[in-house]
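The values are calculated or read from the model by the stated rules, or taken from the named source; none is laboratory data. Since this is a predicted model, take the numbers as computed values, not measurements. We place every Cβ from the backbone using ideal geometry, glycine too, and count neighbours over all the protein chains shown.
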Amino acid sequence: GDSVTQMEGPVTLSEEAFLTINCTYTATGYPSLFWYVQYPGEGLQLLLKATKADDKGSNKGFEATYRKETTSFHLEKGSVQVSDSAVYFCALYTGANSKLTFGKGITLSVRP
Amino acid sequence: KAGVTQTPRYLIKTRGQQVTLSCSPISGHRSVSWYQQTPGQGLQFLFEYFSETQRNKGNFPGRFSGRQFSNSRSEMNVSTLELGDSALYLCASSVDRAYGYTFGSGTRLTVV
């Protein structure tokens, strides 16, 4: 079945540091890939998406590229801010399973 | 544009009781999905409705049920509550699932 693997957390960075959060997936067919972010006490917000191989999703300085050959969708940001502190979830959607499959999530803390 | 609205935000129930949670999707979104989020199991898919029909169901016991109305609003019901049902229940709506879902803020259910 479909699955998403995220790197283990938590991650703590200083403000303006470079961020990479790894995400790999296993899926039947050609999934759409997503990064969602969850702030304390809130639901999930769609951060960015990519619907086909080599697509690059980007939003608020975050980027991720759909790599079919390595089945990866790593999240990057060049300079993190304290306000980026949150839990980040990688997810995929396939028509075959007709649902979102999430990774376990990773907590990012950014210190001033 | 109004987002996905979930009510109530917080709920405390006693073991053995039943509970109904409500979700109003974004106007024009006919697909509504429900997810359970717990620290131990992460985000798990409950079910999806489209045009009042259940299109997909996750691996949850029959105590968990849902429905969708003609205006796309959805409810989920949990009967005979157990302590393990304590979780954040998230509703998400979509106009095209391959391009992503919009989540509500969730209902935090505590079973005592």
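Looking only at residues in the range B:22-50 that are away from chain A (no Cβ under 14 Å) and of a type in the set (Ser, Thr, Tyr), the one that is farthest from B:TYR99 (Cα to Cα) is B:SER22.
Conditions tested, residue by residue: (1) hydroxyl-bearing (Ser, Thr, Tyr); (2) in contact with a His (Cβ under 7 Å, 6 or more places away or on another chain); (3) surrounded by fewer than 18 Cβ atoms within 10 Å (Cβ to Cβ); (4) at positive phi.
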| residue | (1), (2), (3), (4) |
| --- | --- |
| A:THR51 | yes, no, yes, no |
| A:LYS60 | no, no, yes, yes |
| A:GLU76 | no, no, yes, no |
| A:THR101 | yes, no, no, no |
| A:LEU108 | no, no, no, no |
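Checking each residue in the range B:95-112 for being more than 9 Å from chain A (Cβ to nearest Cβ), crowded, with 18+ Cβ neighbours inside 10 Å and out of contact with any helix residue (DSSP H, G or I) (no Cβ under 6 Å at 6 or more places or on another chain) picks out B:THR107, B:LEU109. Of the strands (runs of 3 or more DSSP E) lying entirely inside the range B:3-112, those containing at least 1 residues that are modelled with pLDDT under 95 span B:31-38, B:42-50, B:53-57, B:87-94. Those strands (runs of 3 or more DSSP E) of chain A in which 1 or more residues are of a type in the set (D, E, K, R) and within 14 Å of chain B (Cβ to nearest Cβ) occupy A:44-50, A:99-102.
In this entry, A:THR5 is excluded by the filter for residues that are surrounded by fewer than 18 Cβ atoms within 10 Å (Cβ to Cβ), over 25 Å from B:SER105 (Cα atoms) and among the hydroxyl-bearing types (Ser, Thr, Tyr).
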